[in-house]
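The values are calculated or read from the model by the stated rules, or taken from the named source; none is laboratory data. Here the structure is a predicted model, which means the values were calculated and not measured. Virtual Cβ from ideal backbone geometry, glycine too; neighbours counted across all protein chains shown.
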Amino acid sequence: MVVLRLVHSVGDECGEGPAGFEGELVDRFVLAGMGAGISDRSLADDRSVVGDLVRSTGRRVWEIGAQDVDGWLASLRQERHLARSTVYDRANTIARFYNFLTLRYQREIHARTGWVVVQPVDEFNRPRHAGYGLVRVPPSVGEVEALFEGWRRELPGARKYLPAVRNYVVASLWRRVGLRLNESVMLDVGDWHPDLGRFGKLHVRYGKGSQGQGPRPRLVPGIDGVDVLLRWWLAEVRPQFPGDPADPGAPLFPGERRSAGGRVGAQALRSGLAGAVERFLPAWAGRLSPHGLRHFCASSLYGRGVDLKAIQELLGHEWLATTTGYIHVRTEHIEQAWARANERVAGRLSLDAGRGC
C-alpha cells in the first residue's frame with residue numbers, strides 16, 4: 001500500500017496549515033490513481049516526482065508555474081543527467097497531477113489559498129517523446145538472417161553450450177514473435193501450451209501494462225517456426241539445466257548456476273545478443289537491442305502481409321497507434337503497395353467484364 005502524505009515542515013505534519021493542505025491534495029491524487037487501478041509502485045513513483053518538484057522549487061504546489069517547471073526539467077537533464085525517457089515520464093506525471101488539480105480542486109484551492117492553479121507543463125516546456133529523433137529502424141531481413149545463421153552455426157562449438165543455446169532461443173522469440181525482454185525472462189515451462197491452436201501458444205503472463213496498471217497477459221501463437229524451436233528446446237536442451245524440466249512452475253529459461261536453479265537474468269540475455277551482433281553483424285554492434293528485434297518482428301510481419309491489428313495483438317499493444325510506430329518499411333514499399341492495388345483493381349474489372357458478357 002502506498003504511504004500517504006507529502007510534508008514540507010515538521011510543524012505542519014498533522015494536516016493543518018499550507019503543508020497539510022498540500023499533502024491532502026497529493027493524497028487525493030494518489031487515491032484517484034488507486035481507484036483507476038494503477039499499481040502501488042507507480043503511485044509511489046508519482047508521489048516521489050511531485051515531491052521532488054516541490055522540494056526543488058521551494059514553492060507550494062499551487063504556487064508553481066511554467067517557469068518553475070522550466071528550471072526543474074533543465075536541472076534533470078543538465079545537472080542530474082537523467083535519461084530522455086526519464087525526464088519525459090516525469091514531465092507527464094507533473095502534467096497529470098496539475099490536470100487533476102485544475103479539474104477537481106481549482107475552486108477549493110483558490111478559496112483556501114487565494115491562488116489560481118495553472119498547468120505548468122505546456123507546449124513550450126513539455127519534453128518531446130523520449131524516442132523523438134531516435135527511430136529504431138531495425139536491420140534488413142537479410143542482415144537479421146545472416147546474424148542468426150552465423151549464431152546458429154556457432155552453437156555446437158560454443159564454450160558454454162547451454163547458455164549459448166538459451167540466449168539464441170530467447171533472441172529468436174524477440175525476432176519471430178516480438179516478445180519483450182522481461183516477458184521472456186518471466187516465462188515458465190508451463191506457459192508453453194503446444195495443443196492450443198494450430199501452432200501452440202505461449203502464455204505471456206507478465207505483459208507490459210499501460211500507465212502502471214499491472215501486467216497485461218496475452219497468448220502468443222508459436223508462428224514463424226517458434227513452435228518447432230520450443231519443442232526442440234524443451235525436449236533436448238532444457239532438461240540439461242538444473243531443476244525438474246517437467247515442473248510447470250520451473251523457469252522456461254534458467255540461469256547457468258546448477259546450484260541455484262533460478263531463471264536467467266535480463267543482463268545475460270542482453271550480453272548474449274550483443275556478443276552475437278559483434279561477431280556476425282558488426283555494422284550493428286552497440287546498436288541492435290532486444291527491443292530493436294521487437295521492431296524487426298513488427299516490420300517483418302507487416303512486410304509479409306500480416307495486418308496491423310494482428311501485429312498489435314501479437315506485440316501486446318493497447319493502442320494501434322503504438323504498433324504503427326514499430327513498422328519501418330523499405331523505400332520500395334510504396335511502389336509494391338501501388339502495384340498490388342492495381343492488380344486487384346484490374347482483377348475486379350476483368351471479372352465484371354466477364355459477367356457483363
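For the range 266-317, which positions are among the hydrophobic types (A, V, I, L, M, F, W, C) and within 20 Å of PRO217 (Cα to Cα)?
ALA266, CYS297, ALA298, LEU308, ALA310, ILE311, LEU314, LEU315
State which residue is surrounded by the fewest Cβ atoms within 10 Å (Cβ to Cβ) when the search covers only the range 309-321 and only residues that are modelled with pLDDT under 90 and not in a loop (DSSP other than H, G, I, E, B).
ALA321
What tally of residues in the range 73-91 results from selecting those that are part of a loop (DSSP other than H, G, I, E, B) and over 23 Å from the mean Cα position of the chain (by Cα)?
Looking only at that region, the number is 2.
Please determine, by comparing only the residues of the range 8-35 that are part of a loop (DSSP other than H, G, I, E, B) and surrounded by fewer than 14 Cβ atoms within 10 Å (Cβ to Cβ), which one is modelled with the lowest pLDDT.
In this case the residue turns out to be SER9.
Surrounded by 15 or more Cβ atoms within 10 Å (Cβ to Cβ) and within 30 Å of the chain's Cα centre (by Cα), is that true of TYR105?
no
Quick test for you: out of TRP62, TRP151, pick the one residue that is touching a Phe, Trp or Tyr at 6+ places or on another chain (Cβ under 6 Å), under 30 Å from LEU269 (Cα atoms) and surrounded by 12 or more Cβ atoms within 10 Å (Cβ to Cβ).
One residue alone meets the criteria, TRP151.
With respect to ASP191, determine if the residue is more than 17 Å from the chain's Cα centre (by Cα) and buried (at least 18 other Cβ atoms within 10 Å of the Cβ).
Spelling it out, ASP191 is indeed more than 17 Å from the chain's Cα centre (by Cα) and buried (at least 18 other Cβ atoms within 10 Å of the Cβ).
Select, from ALA66, ALA74, the only residue that is in contact with an Asp or Glu (Cβ under 7 Å, 6 or more places away or on another chain), over 20 Å from ARG104 (Cβ atoms) and among the aliphatic types (A, V, I, L, M).
Criteria check complete, one pass: ALA66.
Can you find even one residue in the range 218-226 that is in a strand (DSSP E or B), within 15 Å of the chain's Cα centre (by Cα) and either crowded, with 16+ Cβ neighbours inside 10 Å or modelled with pLDDT of 95 or more (or both)?
The answer is yes; a qualifying residue exists.
Okay, residues lined up against (1) modelled with pLDDT of 95 or more; (2) within 25 Å of LEU202 (Cβ to Cβ); (3) part of a helix (DSSP H, G or I):
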residue	(1), (2), (3)
VAL277	yes, yes, yes
THR323	no, yes, yes
ARG344	no, no, yes
LEU351	no, no, yes
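Does LEU234 qualify as being farther than 23 Å from LEU147 by Cβ and out of contact with any Gly (no Cβ under 8 Å at 6 or more places or on another chain)?
In short, yes.
Exactly one condition in (1) surrounded by 17 or more Cβ atoms within 10 Å (Cβ to Cβ); (2) among the hydrophobic types (A, V, I, L, M, F, W, C); (3) more than 22 Å from the chain's Cα centre (by Cα) is false for ILE38; which is it?
(3)
State yes or no: is ARG287 assigned to a loop (DSSP other than H, G, I, E, B), under 19 Å from the mean Cα position of the chain (by Cα) and not hydrophobic (A, V, I, L, M, F, W, C)?
yes
If GLN67 passes every condition in (1) of a type outside the set (A, V, I, L, M); (2) touching a helix residue (DSSP H, G or I) at 6+ places or on another chain (Cβ under 7 Å); (3) without any contact (Cβ under 8 Å) to a residue 60 or more places away in the chain but one, which one does it miss?
Against the list (1) of a type outside the set (A, V, I, L, M); (2) touching a helix residue (DSSP H, G or I) at 6+ places or on another chain (Cβ under 7 Å); (3) without any contact (Cβ under 8 Å) to a residue 60 or more places away in the chain, GLN67 comes up short only on (2).
Just to be sure I understand, how many residues within the range 190-201 are part of a strand (DSSP E or B) and either touching a helix residue (DSSP H, G or I) at 6+ places or on another chain (Cβ under 6 Å) or not assigned by TED's automatic domain parsing to the domain that holds LEU219 (or both)?
1
Tell me yes or no: at least one residue of the range 167-174 is crowded, with 19+ Cβ neighbours inside 10 Å, in contact with a Lys or Arg (Cβ under 7 Å, 6 or more places away or on another chain) and either modelled with pLDDT under 95 or among the aliphatic types (A, V, I, L, M) (or both).
For the range 167-174, residues crowded, with 19+ Cβ neighbours inside 10 Å, in contact with a Lys or Arg (Cβ under 7 Å, 6 or more places away or on another chain) and either modelled with pLDDT under 95 or among the aliphatic types (A, V, I, L, M) (or both): absent.
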